[in-house]
1. Can you name the number of the only condition in (1) at pLDDT 90 or above; (2) open to solvent by less than 50 Å² (accessible area, probe 1.4 Å) that PHE55 fails?
2. Give me the pairs, please: first residue somewhere in region 85-106 and at negative phi, second residue anywhere and open to solvent by 70 Å² or more (accessible area, probe 1.4 Å) and basic (Lys, Arg), beta-carbon distance under 6 Å, and either six or more positions apart or on two chains.
3. Just checking, does region 58-69 include any residue being open to solvent by less than 60 Å² (accessible area, probe 1.4 Å) and among the hydrophobic types (A, V, I, L, M, F, W, C)?
4. Here is a check on your reading of the model: is ALA144 of a type outside the set (Ser, Thr, Tyr), under 16 Å from ILE25 (Cα atoms) and modelled with pLDDT under 90?
5. Would you mind finding the one in TYR77, TYR27 that is under 22 Å from GLU131 (Cβ atoms), over 36 Å from the mean Cα position of the chain (by Cα) and of a type in the set (Ser, Thr, Tyr)?
6. Would you be able to tell me the number of residues in region 69-127 that are in a strand (DSSP E or B), touching a helix residue (DSSP H, G or I) at 6+ places or on another chain (Cβ under 8 Å) and closer than 20 Å to ARG57 by Cβ?
7. Of everything in region 17-61, what is acidic (Asp, Glu) and in contact (Cβ under 8 Å) with a residue 40 or more places away in the chain? Give them in sequence order.
8. Given the conditions (1) under 41 Å from the mean Cα position of the chain (by Cα); (2) open to solvent by less than 40 Å² (accessible area, probe 1.4 Å), report the number of the one that LYS116 does not fulfil.
Amino acid sequence: MNRAFNRRKDKSWMHTPEALAKHFIAYNAKFLGNTEVDQPKGTEVVKDAVRKLKFQRHIKKSEGQKTPKVELQISIYGVKILDPKSKDVLYNCQLHRISFCADDKTDKRIFTFICKDSESNKHLCYVFDSEKCAEEITLTIGQAFDLAYKKFLESGGKDVETRKQIGGLQKRIQELENENSDLKRQLKNLEEQLMIAKVQPADSVSSKSPTDVFDMIPFSTVTPLVPVPANNGKPPPPPARPADPKKDLFGAEPFDPFICGAADFPPDIQSKLDEMQEGFKMGLTLEGTVFSLDPLDGHC
């Protein structure tokens, strides 16, 4: 590291004052990280920080982690570090809190600056890796310092308070945006839970009676097809029997061959019935005959 920040009065800057005062200059770089340092400035201080962060990044790279890319927005109000895709502000380093800025001549990709944290009041060293732009980024931060100092002299010191107020407002806006994002996520989760609760009753099938695999009520000869009114807790009455006991389940009279008339059957069937009746009468006569073994009896 051989370039500490100094205001350049003998050379012209690379950007117009309006670009840094009214807008910002953007650069893309890889962010090696930040680490706490003991002093707010010094070449040896940033050298130790760079060695430490390079070693940590080498370990993470061996584990498969890539060095994250960031976007730097440099203006007279400070240096913002953003996510290049979402444009979310990762760090907002106000210019009056930056105490040291330098680039490395031995490794032209590395540049760094020291900034005092607004909450912990610790000095943090930020280290970046940029191909071919490390010196240019350092000079752009230097130009922003020069313009901010001129504006401070012109305003008689009042501009410093204005920048502090603006910085506080920007911090509060960032906090509100984070809270708004959290509330949006919670609202989305509640809407998803409500949609799930609405879908579940529609999908569930309720049935008062058991059904088979085809979702049909099993057939039973005893179970009535119409609802039976309640009997105040009493058991249901037995199924009604046919009114005429002489008739079967289908309403027909039982068949009796001995009470049927001759005209009820064909001739061949009638002749068989007659033979059966004659045989039945002979059987009755034989059963009524008495046999005796007494020799005085005249019967054999």
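1. (2)
2. Sorted first by the residue in region 85-106, then by its partner, the pairs are ARG97/LYS116; SER99/LYS41; PHE100/LYS41.
3. For region 58-69, residues open to solvent by less than 60 Å² (accessible area, probe 1.4 Å) and among the hydrophobic types (A, V, I, L, M, F, W, C): absent.
4. no
5. TYR27
6. Residues meeting the conditions: 11.
7. Once the filter is applied, which keeps residues that are acidic (Asp, Glu) and in contact (Cβ under 8 Å) with a residue 40 or more places away in the chain, region 17-61 yields GLU36, ASP38.
8. For LYS116, the exception is condition (2).
The values are calculated or read from the model by the stated rules, or taken from the named source; none is laboratory data. All values derive from a computational prediction rather than experimental measurement. Don't worry about glycine lacking a Cβ; one is built from the backbone with ideal geometry, like all the others, and counts go over all protein chains shown. Calculation scope for accessible area: heavy atoms of the full protein, side chains included, ligands and nucleic acids excluded. Shrake-Rupley method; radii C 1.70, N 1.55, O 1.52, S 1.80 Å.
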